[in-house]
Amino acid sequence: MESKSKVLQKLFLSTLYLSAFTFGGGYVIVTLMKKKFVDEYHWIEENEMLDLVAIAQSSPGPIAVNGAIVVGYKLAGALAAIIGTIIPPFLIISVISVCYQAFRDNFFVSQMLEGMQAGVGAVIASVTYEMGAGVVKEKDPLSLVILVCAFAAACFFKVNVIYIVLVCGAIGAVRTILAKRRGAK
């Protein structure tokens with residue numbers, strides 16, 4: 001196992017890199033965190049990453065920072081992950097605010113941003129597929145029912161996502177309590 005200082009350094013540099021080169025919001029950076037910390041470094045299991053993403057989503061604030069907090073906390077380096085995550089957007093926004101007038105009407109900048117939107121959509125679709133495939137692979141009927149119902153509620157019935165998260169959280173809590181009671185018997 002790597003030393004704590006080496007893990008903190010890799011965590012900081014990884015979140016700094018991911019944050020610097022990620023466009024499209026928190027869901028994109030969470031996807032890349034999964035690839036880095038689950039697939040490449042093997043610091044976190046995939047199911048655990050899904051749990052951490054759920055916590056990050058349900059917490060107030062930007063999902064990129066929340067994701068860095070929960071992943072960093074898991075790896076005993078929340079502060080390193082947070083600082084690595086917030087430095088790039090802070091610097092980029094600072095530069096853009098100084099040069100806002102020049103960027104606002106620039107044709108090339110607006111075209112570049114439109115092109116990046118398509119890439120962001122593809123990355124989010126890829127993550128959604130990978131995470132959904134993980135739930136389907138478990139072959140847990142209740143998880144599949146929750147997945148389908150949450151999708152239907154959000155996409156077809158336009159139920160507020162807050163209610164979906166609260167109901168799914170309550171189902172998860174009841175399920176965990178029941179599983180612990182069964183295990184204690």
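The values are calculated or read from the model by the stated rules, or taken from the named source; none is laboratory data. Nothing here was measured: the structure is a model prediction, and the numbers come from that model. Here the Cβ positions follow ideal geometry from the backbone for every residue, glycine too, while neighbour counts run over all protein chains shown. Each accessible area value is taken on the protein alone, full model and side chains, heavy atoms only, with ligands, DNA and RNA left out. Shrake-Rupley method; radii C 1.70, N 1.55, O 1.52, S 1.80 Å.
Checking the condition surrounded by fewer than 13 Cβ atoms within 10 Å (Cβ to Cβ), outside any helix (DSSP H, G or I) and over 17 Å from the mean Cα position of the chain (by Cα), which residue from F108, F157 passes? Write out each step before concluding.
Details: F108 fails: outside any helix (DSSP H, G or I).
The unique qualifying residue is F157.
Within the range 7-25, is even one residue in contact with an Asp or Glu (Cβ under 8 Å, 6 or more places away or on another chain), more than 17 Å from N66 (Cα to Cα), open to solvent by 20 Å² or more (accessible area, probe 1.4 Å) and without any contact (Cβ under 8 Å) to a residue 40 or more places away in the chain? Please lay out each step first, then the result.
Within the range 7-25, the subset in contact with an Asp or Glu (Cβ under 8 Å, 6 or more places away or on another chain) is 10.
With the extra rule that they be more than 17 Å from N66 (Cα to Cα), the set shrinks to 10.
Then drop every residue that is not open to solvent by 20 Å² or more (accessible area, probe 1.4 Å), which leaves 10.
After this cut, where a residue has to be without any contact (Cβ under 8 Å) to a residue 40 or more places away in the chain as well, the list is 10.
The answer is yes; a qualifying residue exists.
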task: For residues that are open to solvent by 60 Å² or more (accessible area, probe 1.4 Å) and not polar (S, T, N, Q), tally how many sit in the range 49-75.
output: 7
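Here are A173, A122: which of them is at pLDDT 90 or above and part of a helix (DSSP H, G or I)? If you could, list the steps in order and put the result at the bottom.
Working: A122 fails: at pLDDT 90 or above.
The match here is A173.
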field: Subset of the range 111-139 that is open to solvent by 50 Å² or more (accessible area, probe 1.4 Å) and of a type in the set (S, T, N, Q) - its residue that is nearest to the chain's Cα centre (by Cα)
entry: T128
message: Checking the structure you have, find out if any residue of the range 76-90 is out of contact with any Pro (no Cβ under 7 Å at 6 or more places or on another chain), closer than 28 Å to A173 by Cα, open to solvent by less than 20 Å² (accessible area, probe 1.4 Å) and not in a helix (DSSP H, G or I).
response: yes
